[in-house]
Amino acid sequence: QVQLVESGGGLVQPGGSLRLSCKASGNIFSTFTMGWYRQAPGNQRELVARVANDGFIRYADSVKGRFTISRDNAENTVYLQMNSLKPEDTAVYYCNKLLPFWPWGQGTRVTVSS
């Protein structure tokens, strides 16, 4: 059973930056496309960025040009560099593969506020 552990969230002012990390247990991480998802209060969870095992990357329009996803297969870790943060980026951020999902981790909370 793969376990996902997200970290790196926090409180940041608008325009600030954060770098999120997600480490997966096990040794099958490298074979899957990994994504960062977020869920704001009252909203559904949405996919904001994904990176395939061949390096192909896609972003949601709402984060394009501001967020950068990357992965380190040797460390079973996926990262999300978030720059120029906006209040609407406030959410709990999760990583997971695409459907079908592994069990969700606890997420890491990002709050963008002055």
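Listed values, structure above:
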{"quantity": "Candidate set: segment 8-39, residues that are closer than 18 Å to Ser84 by Cα and open to solvent by 50 Å² or more (accessible area, probe 1.4 Å); chosen: the one nearest to the chain's Cα centre (by Cα)", "calculated": "Arg19"}
{"quantity": "Filter result for the condition that a residue is over 16 Å from Ser17 (Cβ atoms), surrounded by 19 or more Cβ atoms within 10 Å (Cβ to Cβ), in contact (Cβ under 8 Å) with a residue 24 or more places away in the chain and out of contact with any His (no Cβ under 9 Å at 6 or more places or on another chain), over Val112, Val78", "calculated": "Val78"}
{"quantity": "Residue selected from segment 40-67 under the condition basic (Lys, Arg) and assigned to a loop (DSSP other than H, G, I, E, B), by the criterion least open to solvent (accessible area, probe 1.4 Å)", "calculated": "Arg66"}
{"quantity": "Qualifying residue in segment 88-100 (condition: open to solvent by 60 Å² or more (accessible area, probe 1.4 Å), within 23 Å of Phe29 (Cα to Cα) and either in contact (Cβ under 8 Å) with a residue 12 or more places away in the chain or assigned to a loop (DSSP other than H, G, I, E, B) (or both))", "calculated": "yes"}
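Rundown of residues vs (1) under 17 Å from Thr108 (Cβ atoms); (2) touching a Ser or Thr at 6+ places or on another chain (Cβ under 8 Å); (3) of a type in the set (Gly, Ala, Ser), yes/no style:
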site: Gly26; (1), (2), (3): no, no, yes
site: Ala40; (1), (2), (3): yes, yes, yes
site: Glu46; (1), (2), (3): yes, no, no
site: Gly55; (1), (2), (3): no, no, yes
site: Tyr59; (1), (2), (3): no, no, no
site: Val63; (1), (2), (3): yes, no, no
site: Thr77; (1), (2), (3): yes, yes, no
site: Gln81; (1), (2), (3): yes, yes, no
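The values are calculated or read from the model by the stated rules, or taken from the named source; none is laboratory data. Since the structure is predicted, the reported quantities are computational estimates derived from the model, not experimental observations. Note: ideal-geometry Cβ built from the backbone for every residue, glycine included; neighbour counts use all protein chains shown. Protein only, heavy atoms only, side chains kept; ligands, DNA and RNA dropped before computing areas. Shrake-Rupley method; radii C 1.70, N 1.55, O 1.52, S 1.80 Å.
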